[in-house]
Amino acid sequence: MNVLLAGATGLVGREILALLLADRGVAAVHTLGRRAPPTVHAKLHHHASDLRSIPALPPLHTAFIALGTTIKVAGSQEAFRALDHDAVLAVAHAARAAGARRLGLVSAMGADTGSRVFYSQVKGEVEQAIAQIGFETLVIARPSLLVGDRGPLGQPTRRGEVIGEAVSRWLRPLIPANYRAIRAGDVAHALVATVARGAPGRSLLLSGQMQRT
């Protein structure tokens, strides 16, 4: 089974990559993005791309998209949309054209085309667009505040994540499950496992469902 992963160098993407490489049922993992993941593995193949134009892909069975940024990091709403909407949609179309029947997408809590929050609106729009592409299995993960070690990724620590993790830890019993900070590894495990089950149609994984502890 050939699997495509876009966003392998991100917080959730690196966790997905580790799971796929450890899966004996996966013959090859093809990563797509500007930077190759630091991992060296016999079944790992990187395809360099700025995600504006997608290179020719091998025949695929499954794809995962874990691309994402923030408006602050992107620098503008336009730059944010270019990655979190346009690039995500381009990868999804390319994966489907290469034969992928299953897709796992990392989105965000609150994704809604009708939201007044630009970030959430864009996330909702890309979910809606991908649902029209025709994957037999589409699993969308909507995590709340993601936490994890960004140091190995060369990313700065996000103050909001540090505060959110501390608040979640101390007030955990009082915070509804969907609003607690969640580890990137929990998101990856839930998404990969749900996609592997291959249930037909569109499935949503809310943050509370993905919490392992």
- prompt: From the set of residues in region 27-48 that are among the small types (Gly, Ala, Ser) and closer than 11 Å to Gly7 by Cα, which is farthest from the chain's Cα centre (by Cα)?
  reply: Ala36
message: So Ser53 passes all but one of these: (1) more than 18 Å from the chain's Cα centre (by Cα); (2) of a type outside the set (A, V, I, L, M); (3) at pLDDT 95 or above. Which condition number does it fail?
response: (3)
- prompt: What number of residues in region 1-10 are more than 12 Å from Arg35 (Cα to Cα) and buried (at least 24 other Cβ atoms within 10 Å of the Cβ)?
  reply: 3
- prompt: So, in region 175-197, of the ones that are part of a helix (DSSP H, G or I) and out of contact with any Lys or Arg (no Cβ under 9 Å at 6 or more places or on another chain), which residue ends up surrounded by the fewest Cβ atoms within 10 Å (Cβ to Cβ)?
  reply: Arg197
statement: Exactly one of Val147, Val167 is at pLDDT below 90 and more than 19 Å from the chain's Cα centre (by Cα), and that residue is Val167
field: Count - residues of region 48-83 that are loosely packed, with under 11 Cβ neighbours inside 10 Å and assigned to a helix (DSSP H, G or I)
entry: 2
query: Which one is nearest to Ala95 (Cα to Cα), of the residues in region 14-39 that are assigned to a strand (DSSP E or B) and either in contact with a helix residue (DSSP H, G or I) (Cβ under 6 Å, 6 or more places away or on another chain) or in contact (Cβ under 8 Å) with a residue 40 or more places away in the chain (or both)?
result: Leu32
query: Among the residues of region 115-140, which ones are assigned to a loop (DSSP other than H, G, I, E, B) and either over 26 Å from Ala181 (Cβ atoms) or within 15 Å of the chain's Cα centre (by Cα) (or both)?
result: Gln132, Ile133, Gly134, Phe135, Glu136
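The values are calculated or read from the model by the stated rules, or taken from the named source; none is laboratory data. As the structure is a prediction and not an experimental result, all values here were calculated from the model. Cβ coordinates were reconstructed from backbone atoms using ideal geometry, including for glycine residues, and neighbour counts include every protein chain displayed.
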